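The values are calculated or read from the model by the stated rules, or taken from the named source; none is laboratory data. The model shown is predicted, which means the values in this text are computed figures rather than measured ones. Neighbour counts are summed over all protein chains in view; Cβ atoms, including those assigned to glycine, are modelled from backbone coordinates with ideal geometry. Heavy atoms of the whole protein, side chains included, go into the accessibility calculation; ligands, DNA and RNA do not. Shrake-Rupley method; radii C 1.70, N 1.55, O 1.52, S 1.80 Å.
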Amino acid sequence: MSQSSHMPGPKFSQRTTWAREQAISFLMQQAVENRDVISLAAGLVDESSLPVDECRRTFDGIFSDAARGRLTLQYGTTSGSELLREQLRLHLARQEHCPVEQLGVDARQFVLTTGSQQLLALVADALFDPGDICLVAAPTYFVFLGVLNGVGARTIAIETDEHGMKPDALEAELARLESVGELHRVKLIYLVSYYENPSGVSLETTRRREIVAITHRWSKHHRLFVLEDAAYRELRYDGEDRPSLWGFDEGHDTVILAQTFSKSFSPGVRVGYGVLPRELVGPVCDLKGNTDFGSANLNQHLLAGVLSSSRYVPHVEQVCAAYRRKRDVMLEALEREFQGMHGVSWLRPEGGLYVWLSLPEDIGCGFDSEMFRLAAKGHRVMYVPGELCYPTDSPCRRTNQMRLSFGVQDADGINEGIKRLAAAVRERIAHRVV
């Protein structure tokens, strides 16, 4: 017997315990192990939308000049390519419908990251000590809930409706926390402002202004921040072109704007960015420098070339047209397949990649539920359980919902997936105990 067999096991950090058993890992594993299952769970993009020609032409331009090519292949900086950060100022000005000079921020407040997910993680690391509080919409992006767990933060859900987070509910919770002596533990309010993952809801415009004002008003012990996750901002198919929360923050000292090109351009390029209040730039870059001292320089130069060309806007228009058709296919399939099924409802998104489906309240949809088993094993269709999108101990948490994605499947896959899902739901309703 070797000497090492008598050694005690490793002792991991507390953060590894907080971060374990992530739902995203389970869903990825299920997709790999069950190839014949139609996945309405994966929040991936449509492969046919990926910009192969645009990237090829841009790379040809970069590498036609040896000096420029060598610069592109060299290390970058922690905050990212200056060339791309200047392009992003122009990009943001177009989104905000104002001249770049009126944005009120300079390129130094733009921090480039490996997708917006890295930015979310860096902000969490910069702000939270164990036991600090983050206020989130109910429901919200479940992967960020995992990030918050990973830093030991406490997450409190704020009630929402079809117009997004309710400002009066947010204010009431802040008042409650003050009354119990915990307002000083609140660090952040997190919102997916456009076509939310998972619900597809966009925060109503007047509520955006109100939430920024509430955040300013309740910054009593220290500055409270709003993290506006605008990952789906460019995937608008109809409805109002809403201004960002960031735009209502006149001093740009409260709202952190996170955006990404993973949905509108390519997830493989992995370029996201944050527009940060000046006080946060240093702490976020210090943390980032400890892990990568700069995201992929090549990818940033590629995206800078695309944004400075005439190719980006037509590409996004094509992407939106394709997803609009797929969204409509899913909505029509839901109407057809769930017709007359009592207690079943869904929300119609104006953009994004998701439809939020609710079943009768007594039918649980979690990983360990009979509904999930029937869908995945019996009818070979996969969804994301809605309960993942609420903090575990939240009184707002509902177990009878599911997130459906129309991003990956083609029209035939969407139609067949919804048909299978409806059959599973019909079977589950028929066998429930009343």
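Key figures for this structure:
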| read-out | value |
| --- | --- |
| Which numbered condition PRO314 fails, given (1) open to solvent by 60 Å² or more (accessible area, probe 1.4 Å); (2) without any contact (Cβ under 8 Å) to a residue 24 or more places away in the chain | (1) |
| Contacts under 8 angstrom Cβ, first residue in region 166-181 being more than 12 Å from ILE156 (Cβ to Cβ), partner part of a helix (DSSP H, G or I) and open to solvent by 50 Å² or more (accessible area, probe 1.4 Å), 6 or more apart | PRO167/GLU210 |
| In region 396-434, the residues that are open to solvent by 40 Å² or more (accessible area, probe 1.4 Å) and among the hydroxyl-bearing types (Ser, Thr, Tyr) | THR399 |
| Given (1) surrounded by fewer than 18 Cβ atoms within 10 Å (Cβ to Cβ); (2) touching a strand residue (DSSP E or B) at 6+ places or on another chain (Cβ under 8 Å); (3) at pLDDT 95 or above, index of the condition THR254 fails | (1) |
| Among (1) within 24 Å of PRO349 (Cβ to Cβ); (2) under 23 Å from the mean Cα position of the chain (by Cα); (3) without any contact (Cβ under 8 Å) to a residue 40 or more places away in the chain - the single one THR392 does not satisfy | (1) |
| Strands (runs of 3 or more DSSP E) enclosed by region 189-308 - at least 1 residues per element that are touching a Gly at 6+ places or on another chain (Cβ under 7 Å) | 255-260, 271-275 |
| Candidate set from region 280-295 (those that are over 21 Å from the mean Cα position of the chain (by Cα) and under 30 Å from GLU54 (Cα atoms)); member that is least open to solvent (accessible area, probe 1.4 Å) | GLY294 |
| Unmet criterion (only one of (1) open to solvent by less than 10 Å² (accessible area, probe 1.4 Å); (2) over 12 Å from GLY115 (Cα atoms)) for VAL271 | (2) |
| Failed item, numbered, when VAL111 is tested on (1) farther than 19 Å from ARG270 by Cα; (2) open to solvent by less than 70 Å² (accessible area, probe 1.4 Å); (3) not polar (S, T, N, Q) | (1) |
| Any hit, region 403-424, residues being among the small types (Gly, Ala, Ser), in a loop (DSSP other than H, G, I, E, B) and over 18 Å from the mean Cα position of the chain (by Cα) | no |
| Count of region 333-343 residues which are part of a helix (DSSP H, G or I) and surrounded by fewer than 14 Cβ atoms within 10 Å (Cβ to Cβ) | 2 |
| Single unsatisfied condition, SER49 versus (1) modelled with pLDDT of 95 or more; (2) under 18 Å from PHE265 (Cβ atoms) | (1) |
| Filtered residue count, region 267-311, keeping only those that are of a type in the set (Phe, Trp, Tyr) and modelled with pLDDT under 95 | 1 |
| Evaluation of TYR75 against (1) assigned to a loop (DSSP other than H, G, I, E, B); (2) within 30 Å of TRP346 (Cα to Cα); (3) hydroxyl-bearing (Ser, Thr, Tyr); (4) open to solvent by 10 Å² or more (accessible area, probe 1.4 Å) (one fails), failing number | (2) |
| Test: residue in region 366-385 that is of a type in the set (Ser, Thr, Tyr) and outside any loop (DSSP other than H, G, I, E, B) | no |
| Test result for ASP129, open to solvent by 20 Å² or more (accessible area, probe 1.4 Å), under 29 Å from HIS301 (Cα atoms) and not polar (S, T, N, Q) | no |
| Residues located in region 98-118, provided they are more than 14 Å from GLY146 (Cα to Cα) and in a helix (DSSP H, G or I) | VAL100, GLU101, GLN102, ALA107, ARG108, GLN109, GLY115, SER116 |
| Identity of the residue in region 344-378, without any contact (Cβ under 8 Å) to a residue 40 or more places away in the chain and hydroxyl-bearing (Ser, Thr, Tyr), that ends up surrounded by the fewest Cβ atoms within 10 Å (Cβ to Cβ) | SER345 |
| Single residue of region 163-188 satisfying the filter (over 30 Å from SER345 (Cβ atoms) and assigned to a loop (DSSP other than H, G, I, E, B)) that is most open to solvent (accessible area, probe 1.4 Å) | VAL180 |
| Residue list for region 133-162, filter: in a loop (DSSP other than H, G, I, E, B) and either acidic (Asp, Glu) or without any contact (Cβ under 8 Å) to a residue 24 or more places away in the chain (or both) | GLU162 |
